[in-house]
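The values are calculated or read from the model by the stated rules, or taken from the named source; none is laboratory data. None of the values given here were measured: they were computed from a predicted structure. Every residue, glycine among them, receives a Cβ derived from its backbone with ideal geometry; neighbour counts consider all protein chains shown. Surface areas here come from the heavy atoms of the whole protein model, side chains and all, with no ligands, DNA or RNA. Shrake-Rupley method; radii C 1.70, N 1.55, O 1.52, S 1.80 Å.
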Amino acid sequence: MKNFHKYLVILFLALFYKIDAQQVTKNDTISGTPLIISMDRNISESLEKLEENCALANVRAAERRNYDSAERNTNTETRRETKTVASRAMTTAEICRQNPRILGVKIQIAVVKSNEEANEVKSYFRRRFPSIKVETDASLRPNYKILAGSYFNKGTAAGDLARIRQYFKSAIPVQYRVFCAESK
């Protein structure tokens, strides 16, 4: 009899728990897929109120920003005149001002195993080509890449590459970040 009362109480609790809970269908904010959640009706209503308050606060903030910017534009003392620029191709100097480092090309002369070897190759290269800048890239440690020049593309590197290949047969052009102002 005691067990019967326990089972009956548990059965009633389970029934009342299921009566208060309901299935709520919400749409996912990212992908828009329907999401089914079991929750209390009061919690669902509270969440909807919170979402509405957040949306209302965002709208008010946007209106406030628009009002502030409109007020600044109407003030004659702080009004700035805008210059219109004709749409044309940008010059190299304008591109370099906006992006000091761009994805360009360098000539990879050699890959060596030690810093001493890298310094020897660099000094040999400088004797042969004093007008071309040479540098060491240690990102492949324990190996070192010796890179020369700075070029906008492979076409502009082709002339120097042909001259360099007379002394360094394994020289190849590689994509690399270059300083725009130094590039040819």
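Here is how the numbers come out for the structure above:
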read-out	value
Selection from the range 84-118 of residues that are free of Cβ contacts under 8 Å to residues at least 60 places away in the same chain, closer than 21 Å to V178 by Cα and not basic (K, R)	M90, T91, A93, E94, Q98, V111, A118
Count of the range 101-116 residues which are farther than 16 Å from I172 by Cβ and open to solvent by less than 80 Å² (accessible area, probe 1.4 Å)	3
Residues (among the aliphatic types (A, V, I, L, M), outside any loop (DSSP other than H, G, I, E, B) and touching a helix residue (DSSP H, G or I) at 6+ places or on another chain (Cβ under 9 Å)) located in the range 133-150	V134, I146, A148
All positions within the range 93-131 that are part of a loop (DSSP other than H, G, I, E, B) and basic (K, R)	K113
Among the candidates Y151, Y176, residue that is closer than 29 Å to N99 by Cβ, touching a residue at least 60 places away in the same chain (Cβ under 8 Å) and touching an Asp or Glu at 6+ places or on another chain (Cβ under 9 Å)	Y176
The listed residue being at pLDDT 85 or above, open to solvent by less than 50 Å² (accessible area, probe 1.4 Å), farther than 20 Å from V112 by Cα and assigned by the TED database to the domain that holds K106, out of D137, D160	D160
Lone qualifier among E77, E94, E63, E71 - being modelled with pLDDT under 80 and under 27 Å from the mean Cα position of the chain (by Cα)	E94
